[in-house]
Amino acid sequence: MIYFYHLLSLFVAILLLPLFSLIALSSKHKWKGLIHHFGWVPTIKNSDGKTLWLHALSMGEVVAATPVLKRVREQNPTLTIALSVTTDSGYAAALKMSIADYVFFHPLDCLPFTQLALKRINPDLHVVTDTGFWPGLIDLLYRKKIPILLFNGRLSERSARRYLIAGSLFKDTFQKFHHLGMQNDNGEKAALTLGVDRERIEVMGDPKYDAQQPLTDAEKEQLRKTFKLKKDTPVWVAGSTHAGEEEIILETHQQLKAEHPNLVLILAPRRIERVEEVVTLLKKKNISFTLRSLMEHAKTVILLDTMGELAQVYSLGQVALIGKSLLKPGGGHSLIEPLSYGLPVMHGPFIENIGHVADKAHELGLAITVKNSKDIKEKVHSLLENESLRQELAEKALSFTTEQKGASEKMAKIISKTLTI
C-alpha cells in the first residue's frame, strides 16, 4: 500500500506546486515559507552533536512542545532542534518561543518533497506530536533507520476505525514508530486497535499542563488595564470559537445583558482569519464591540484579533466557554488554559478530542455541558451570581491542573534516551 501511496504522491506533487502556491498567497507566513512545503527547508549542519526534528501542527502543539524541548536542550546542550509546523499561528508561536534552532513549514507528504527535506535536515530522531501522521515521510524515516517517536498522541477509537478503513496504509504507519506516548487511556486502546505492540505504547499525560505559566497578580492587573476593564466588571470568555458558534454566543450575551448590564464578553475566534467574518456578524446584530488591537474604550464585546493572548485572557474572566463543541462535527479545544486560571468551563456536547480532560473536570464539577443558548445563559448567570461557588471551583481547578503536570519530563527523558541509541 505504501508503494502505491509514494507513486501517487509523485503525480500529486505536480498538481500541488501551482495549486498550493495560489492558496499560500492569502497566508502571510505560508507565502514567505512557500518553498518549505516543497522540501526546500533549511540545510542543517551540526558537527558538534545530533539533530532532532520535531513536528508540531499549530500553536497549541508548539506551546505544548516548548517545555519538552527546554528540558531536552538542558540534557543535550549540543543538540540542534529543528521545529516544523503546519499553520501560520504555529509558525508565529514557534518564532516567539525561541526554543528551536530552525523553524519551517512541514513539507507536503509527496515523495520528491519529503526526500529533499530529509536530505537537508538529516535528523537523528524525528518526533511527531498530537496527530501529525504523514505515511510517506514516516516510511522514508523508517527505511533510513531514523527512530520515530509520537508524543502527546491523540487518537480516538473513531479515528482508529477510520484509519483501518484505509487498509494497511495507516496500520503499517503506526507499526513504524519506535515509541508512542499517548495523552490518555483511550489513545492507548486506539493504538492497540491499530495493531501496535503494547510494550511500545505508554500513557504519559498532556504536556500542556506543564506549559501553563499563570500570571502574577501584578501582571493580571496590568492586563485588566490594557483591556480597559474595571476590577469589578463581570467578564466571560468564549475561546477558540468556530463558524456558527459566534451566533449562539452573541445571542446569549444579549440576553445576559438584561440581568448583568455591565457584563463584558471577550470573544476569541479560533482562526484569526475569521475576525472580519465575526465583525460583520457583530455589526449585523448592532452589538457594541471593539477589537483587541485597537482597545480605545471598553465595549460590551471585545473581539480578540491578536495571536498568542487567549491563554492569559482567561485570567480576566469568571467563566469560560470552549469552542468547536456546540455544533457537529465539533471535537472541542483544550480546557486546560481556563482551568489553569481557576475558571469553570462550559463546552458543547461534541468534545471527542478533549474527552479525557473533560471527564476528569466533570467529576470535580469544573466542566459543564451546554447544548444551546438557553443552557449557556442559565449557567453563566448562575455562576456570576454565586461568588462563593466560583471561589470553591477555582481552588479545585488549580489543584487539578497542578496534579496533572509531569508529562514533559517523561517525554524529555525518552527523547534523550533515544538520542543515545
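General remarks:
- Among 332-341, 192-201, the peptide with the highest mean count of other Cβ atoms within 10 Å heads the list, and the full ranking is 332-341, 192-201.
- Residue pairs, from the table Lys32/Lys228; Lys189/Lys220; Lys28/Lys283; Lys32/Lys371; Lys32/Lys119; Lys283/Lys396, whose Cα atoms sit over 31 Å apart: Lys32/Lys228; Lys189/Lys220; Lys32/Lys371; Lys283/Lys396
- Listed peptides 106-116, 312-322, 22-32 by packing density, highest first (mean Cβ within 10 Å): 312-322, 106-116, 22-32
- Sequence-separation-based contact order of the chain, relative, with Cα cut under 8 Å and 6+ spacing, percent: 14
- Extension reserve of the Thr226-Glu296 stretch, reckoned as 0.36 nm per residue once the Cα distance is removed: 24.3 nm
- Calculated over the range 217-403: convex hull of Cα atoms, volume per residue (Å³): 111
- Multiplying the residue separation of Leu389 and Glu309 by 0.36 nm and subtracting their alpha-carbon distance yields 26.1 nm.
- Whole-Hz ³J(HN,Hα) from phi, Karplus 6.51 cos²θ - 1.76 cosθ + 1.60, for the range 348-356, glycine and proline x: x, x, 9, 10, 3, 6, 10, x, 5
- Long-range amide H partners of Val264 with built H, under 5 Å: Val235, Trp236
- Amide H within-cut-off set for Leu321, under 5 Å, with H built and near neighbours excluded: Val237, Ala238, Gly239, Met346
- Taken along the Cα-to-beta-carbon direction at a fixed 7 Å, the label points for Arg143 and Ala218 span 5.8 nm.
- Our Cα-only numbers for the range 1-132 put the radius of gyration and Dmax at 14.9, 43 Å.
- Karplus-based coupling profile of the range 381-386, in residue order and whole Hz: 4, 4, 6, 5, 7, 10, with θ = phi - 60° in 6.51 cos²θ - 1.76 cosθ + 1.60 and x standing for Gly or Pro.
- Packing rank of 400-408, 152-160, where each peptide gets the mean count of other beta carbons within 10 Å, highest leading: 152-160, 400-408
- Nearest-0.05 FRET efficiency for Leu192 and Ser27, computed from C-beta distance (R0 35 Å): 0.40
Bear in mind that the values in this text are calculations on the coordinates, not laboratory data. The structure displayed is predicted, hence computed values, not measured ones. FYI the Cβ positions are ideal-geometry reconstructions off the backbone, even for glycines, and counts take in every protein chain you see.
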